[in-house]
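Just so you know, all these numbers are worked out from the coordinates, no wet-lab data involved. All values reported here derive from a predicted model rather than from experimental measurement. Using ideal geometry, Cβ is built from the backbone for each residue, glycine included, and neighbour counts are taken over all protein chains shown.
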Amino acid sequence: MNRTTTLLLTALAPLSWGTTYLVTTALLPAGHPLLAGLLRSLPAGLIALAIGGTLPRRGWWAKALILGILNIGAFFALLFLAAERLPGGVAAAVAGVQPLIILALGALVVQERIRPTTATAAVVGAGGVALIVLGPAASLDLLGVLAAIGGVTATALGMVLTKRWGRPSGVGPVAYAGWQLTAGGLFLLPLTLMFEGLPPAIDGTAALGYLWLGSVGGLLAYTLWFRGIQQLPVIAPGLLALLSPVVAAILGTLVAGERFTPVQTVGLALVLLALVAGQLGALRRPRA
């Protein structure tokens, strides 16, 4: 499979994650964000383990636990804390700096060279996301901002370590995703029971939302995502993550009736420009 096909398949993950906000607000019971993260990860992880039929080998239990906490558990917990204390636009704007964090960590941990094109694309993309999601009434909360930064830093480090450690030979992408989803879900389980508990009832609408988040946004998305991280330069999927807030904003306009302003249109154009230029720079093979 060539790099372009791998890139397109990897992009399906952040595209699906862009539906999370709409699904959460329209279908799920309010006040249970950690439960949403738990049901998005643990059932999908157990299903992936059953399909993959492979448990971590000696030396990989600790790695799977670390990756699952960084990519899934800690990321979801900090993301939901930020969502509670910040307007959604502010939280998404903070998440837009993730490619810059990945650039720095990629250079330090896996010695990937920082190309001027990809660095510029990361800056432009972060600015474009800010134009899309930030409004004039956006307010800041220090704890919320720190939680948002912590969440994107955790998953950025998880992406870089996923790239560094690779995938053991003989282990398929579904089983590998299952390790991390299960570890992340087990991390979220006590937090959910301690701080939220269960809703009094889960109706058919909520069940449909949880099913979407767990199957498409969990099992399928993370299988493609981790596979792409291993086969692409680490900044390539990092830039693709910018698609998530873009999709959320577009769905808000088309489905929820939110207004898409000219400033947001400029931001969308900047993000798309950053994605194209950044991917071309990241996938360009170095000269011999």
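If a/c stays under 1.5 just call it rounded; otherwise compare a/b with b/c (prolate if a/b is bigger, oblate if not). Do that for region 195-236, with a ≥ b ≥ c from the square roots of the Cα gyration tensor eigenvalues. Mind showing how you got there, number by number?
On the way: a/c = 5.23, a/b = 2.59, b/c = 2.01.
Cα axes put region 195-236 in the prolate bin.
What net charge is computed for the residues neighbouring Thr10, neighbours being all others with C-beta under 14 Å from the C-beta of Thr10, Lys and Arg scored +1, Asp and Glu -1?
Numbers: positive: Arg3, Lys163, Arg227; negative: none.
Surrounding charge for Thr10 is +3.
As a test of the formula, what do you get for the chain when each DSSP H run with n ≥ 4 contributes -39,500 (n - 2.57) and the sum is divided by the residue count, at 222 nm and rounded to the nearest 500 deg cm²/dmol?
Counting only the DSSP helices, I get -23500 deg cm²/dmol.
Just Gly172, Gly158, Gly214 to compare: in a GNM of the chain, with alpha carbon springs under 10 Å, which one fluctuates most?
Judging by the Gaussian network model, the answer is Gly172.
What distance in nm separates the simple spin-label points at Thr265 and Leu143, each placed 7 Å from Cα in the Cβ direction?
Calculated label separation equals 4.1 nm.
Starting from a Cα-only point model with no solvent, please compute log10 I(q)/I(0) by Debye for region 23-74 at q = 0.20, 0.25 1/Å.
Taken in order of the listed q values, log10 I(q)/I(0) reads -0.81, -1.03.
Mind telling me which of Ala122, Ala74, Ala50 comes out most flexible in a GNM of the chain, alpha-carbon contacts under 10 Å?
Most flexible of the set in this elastic network: Ala50.
Give, in whole angstrom and from largest to smallest, the semi-axes √(5λ) of the equivalent ellipsoid of the chain, with λ running over the eigenvalues of the Cα gyration tensor. Working shown, then result.
Numbers: eigenvalues 140, 135, 54 Å².
The answer is 26, 26, 16 Å, longest axis first.
Given charges of +1 on the Cβ of Lys and Arg and -1 on the Cβ of Asp and Glu, with all other atoms neutral, how large is the dipole of the chain about its Cα centre, in debye to the nearest 20?
Numbers: 16 positive and 6 negative charges, 264 e Å.
In total the dipole reaches around 1280 debye.
Expressed as a whole percent, how much of the Cα-Cα distance distribution for region 1-40 exceeds 13 Å?
Values: 484 of 780 pairs.
The share of Cα pairs beyond 13 Å in region 1-40 comes to 62 percent.
Determine ³J(HN,Hα), in whole Hz, for all residues of region 241-254 in sequence, where each value follows from phi through the Karplus function 6.51 cos²θ - 1.76 cosθ + 1.60 and θ = phi - 60°; x replaces Gly and Pro.
For region 241-254, the Karplus-derived couplings read 4, 5, 5, 4, x, 5, 4, 4, 5, 5, 5, x, 6, 6 Hz, x marking Gly and Pro.
First obtain the Kirkwood hydrodynamic radius of region 157-288 from its Cα pairs, then insert it into the Stokes-Einstein equation at 4 °C and 1.567 mPa s, and state the resulting D in µm² per second as a whole number.
Values: Rh = 17.9 Å.
Rounded, D is 72 µm²/s.
Could you bin all the Cα-Cα distances of region 1-133 into 10 Å bins starting at 0 and give me the percent of pairs in each, rounded to whole numbers?
That works out to 9, 29, 38, 21, 2, in percent per bin.
In nm, to one decimal, how far is the modelled label at Ala201 from the one at Ile114, with both set 7 Å along Cα→Cβ?
Between Ala201 and Ile114, the simple spin-label model gives 5.5 nm.
Residue separation times 0.36 nm, minus the C-alpha to C-alpha distance between Met194 and Ala62: what's the value?
Numbers: separation 132, 0.36 × 132 = 47.52 nm, distance 2.47 nm.
Contour length minus the Cα-Cα distance gives 45.1 nm.
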